[in-house]
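Chemist: Quick one: structure below, then a few questions.
The values are calculated or read from the model by the stated rules, or taken from the named source; none is laboratory data. It should be emphasised that the depicted structure is a prediction, and the values quoted were computed from it without experimental measurement. Glycine also receives a Cβ, built like all others from the backbone with ideal geometry; neighbour counts cover every protein chain displayed.
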Amino acid sequence: MSHTGGHFPDEKQTLLLKAALSERLKAIRYFVEWLEINQLDKLDPSSSGFLSDFMDSIDSGSQRLLPLVIHNLGENTHPYFVFLLGTRKNYWVKNKQITHKAFGIIKTLEQHGIPAMPMKGLDLANRFYENIAHRPMNDGDLLIPYQYREKVIELTKTGVFGNKTRAFDSKPNNLNTALRLDFEGKLNIDLHWSIFREYAFQAHASDFIWQKATKTIIAGVTNYQMTATHALFLNIASGRSFDSVPPFRWVADAKKIMDKSTIDWSELLELCKTFPFRPFLKKAFTYLAEQHQFDIPLTFQKELKYLETNELEEKYYHAISVNSRKYGFAGALWFITNRNIFYHKLFMKDTGISLTRFIFTWHFTKIKSIIS
């Protein structure tokens with residue numbers, strides 16, 4: 001089914017989030033309302049077409065939130081749930097496969113002198129959720145220090161990871177901040193050397209993550225883990241861009257991180273000051289507090305509210321948070337070019353790379369990724 005997209009949950013998605021995150025009695029009411037508004041309340045669960053009728057009527061983000069909804073409400077709360085447990089088992093199997101593959105890659109990287117740290121869903125599902133199946137993943141993500149990026153690319157070319165990926169050209173002007181490894185069974189692991197896609201040329205953008213990371217030795221392999229405060233910041237900032245299905249998973253992830261951890265709100269505020277994502281971050285924390293009653297300190301909310309944002313940050317935020325395709329081909333091309341101008345001014349002013357060179361490289365890389 002088609003969706004208008006966005007970067008914040010719509011009314012239906014907010015209802016499902018409340019069903020997943022609220023106290024049980026309230027959550028049941030939210031779930032029933034969600035079924036009604038989606039016209040799913042009168043399906044016959046004993047019908048052979050129930051699962052497809054149900055799943056095909058909702059977006060993929062809502063599908064992936066269902067295991068957490070079932071967990072929050074209880075498996076016996078609704079007659080639909082028993083027929084959805086098979087889907088939850090599939091998520092569990094996929095997540096286990098991704099986790100096993102990712103930690104095998106961590107071991108291989110360590111053997112070659114390269115540290116690696118789980119991030120995004122791989123970190124969150126295994127650390128903050130009661131059951132790994134409650135947080136479905138499409139792939140696994142690992143963070144490596146920026147200085148090892150070319151070594152990792154060369155290792156990939158040797159086939160040491162057992163992947164099927166053709167490594168891209170590792171020239172200094174490459175705009176990539178990650179390398180995807182494809183494996184049999186439709187498994188994918190992304191190796192990142194920057195926490196945000198905007199920082200392809202800033203070698204030290206992720207240093208704060210590594211400086212406070214903890215490490216343990218498990219089965220002879222060094223495992224690095226970012227702080228919960230850093231995980232929360234990365235998670236919330238990940239929702240800043242437009243997608244055909246709004247990336248609203250960050251809401252549930254934020255709740256799980258906050259429930260299981262002690263957050264350093266002073267440091268979190270400093271991170272909000274450091275990275276130019278303030279226009280979104282202000283809206284995001286307000287949304288969490290007002291729509292889902294997250295326990296966010298009032299002092300933090302107040303200080304964040306009054307953080308200054310400049311015109312360039314506002315323009316860049318607008319450019320990444322709207323659907324450029326709605327303007328047609330010519331309009332989208334103009335819109336994307338303007339977005340890249342804002343990008344260059346915000347993130348590349350100290351790199352020595354001219355705007356003309358950047359625009360050309362961006363379009364060349366985009367075309368190359370489409371045809372390859």
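Chemist: Only residues in the range 328-347 that are not assigned by TED's automatic domain parsing to the domain that holds Y199 count as the first member; pair them with residues that are part of a helix (DSSP H, G or I) and among the polar types (S, T, N, Q), Cβ under 8 angstrom, at least 6 apart or cross-chain, and list the lot.
Modeler: Going by the 8 Å Cβ cut-off, the qualifying pairs are G331/S324; A332/S324; F335/S324; I336/S324; R339/S324.
Chemist: Same structure again: Within the range 64-77, can one find any residue that is closer than 30 Å to D207 by Cα and either out of contact with any helix residue (DSSP H, G or I) (no Cβ under 8 Å at 6 or more places or on another chain) or of a type in the set (D, E) (or both)?
Modeler: no
Chemist: How many residues does the range 261-292 contain that are closer than 16 Å to F8 by Cα and among the polar types (S, T, N, Q)?
Modeler: The total comes to 2.
Chemist: Scan the range 216-234 and give yes if some residue there is in contact with a Cys (Cβ under 9 Å, 6 or more places away or on another chain), in the same structural domain as Y129 (by TED's automatic domain parsing) and either at negative phi or not aliphatic (A, V, I, L, M) (or both), otherwise no.
Modeler: Looking through the range 216-234, at least one residue is in contact with a Cys (Cβ under 9 Å, 6 or more places away or on another chain), in the same structural domain as Y129 (by TED's automatic domain parsing) and either at negative phi or not aliphatic (A, V, I, L, M) (or both).
Chemist: Please specify each residue of the range 79-98 satisfying the condition of being of a type outside the set (K, R), in contact (Cβ under 8 Å) with a residue 40 or more places away in the chain and surrounded by fewer than 18 Cβ atoms within 10 Å (Cβ to Cβ).
Modeler: Residues satisfying the conditions are W92, Q97.
Chemist: Give me a count of the residues in the range 163-183 that are in contact with a Lys or Arg (Cβ under 9 Å, 6 or more places away or on another chain) and modelled with pLDDT of 90 or more.
Modeler: 6
Chemist: Has the range 266-277 got at least one residue that is in the same structural domain as K12 (by TED's automatic domain parsing), touching a residue at least 40 places away in the same chain (Cβ under 8 Å) and closer than 17 Å to L122 by Cβ?
Modeler: No, the range 266-277 has no match at all.
Chemist: Let me ask something additional. Looking for whichever is assigned by TED's automatic domain parsing to the domain that holds K94, without any contact (Cβ under 8 Å) to a residue 60 or more places away in the chain, out of contact with any Leu (no Cβ under 7 Å at 6 or more places or on another chain) and basic (K, R) here; the options are R29, R64, R24. Which one fits?
Modeler: On inspection, the qualifying residue turns out to be R29.
Chemist: So Q301 clears everything in (1) polar (S, T, N, Q); (2) assigned by TED's automatic domain parsing to the domain that holds Y30; (3) not in a helix (DSSP H, G or I) except one condition, right? Which one?
Modeler: All conditions are met except number (3).
Chemist: Kindly evaluate L304 against the criterion of being closer than 30 Å to Y30 by Cβ, touching a Lys or Arg at 6+ places or on another chain (Cβ under 8 Å), free of Cβ contacts under 8 Å to residues at least 40 places away in the same chain and not basic (K, R).
Modeler: yes
Chemist: Shifting gears a bit: Among the residues of the range 313-334, which ones are over 15 Å from P279 (Cβ atoms) and crowded, with 17+ Cβ neighbours inside 10 Å?
Modeler: Of everything in the range 313-334, just one residue is over 15 Å from P279 (Cβ atoms) and crowded, with 17+ Cβ neighbours inside 10 Å, namely S324.
Chemist: Additional query: Out of the range 315-369, which residues are of a type in the set (K, R), farther than 20 Å from Q202 by Cα and at pLDDT 90 or above?
Modeler: K315
Chemist: I would also like to ask the following. Considering (1) assigned to a helix (DSSP H, G or I); (2) more than 27 Å from D259 (Cβ to Cβ); (3) at pLDDT 95 or above, say which one I114 fails and leave the rest.
Modeler: Against the list (1) assigned to a helix (DSSP H, G or I); (2) more than 27 Å from D259 (Cβ to Cβ); (3) at pLDDT 95 or above, I114 comes up short only on (1).
Chemist: Here's another thing I want to ask about it. Hey, among the residues in the range 138-161 that are assigned to a loop (DSSP other than H, G, I, E, B) and at pLDDT 90 or above, which one's surrounded by the fewest Cβ atoms within 10 Å (Cβ to Cβ)?
Modeler: N138
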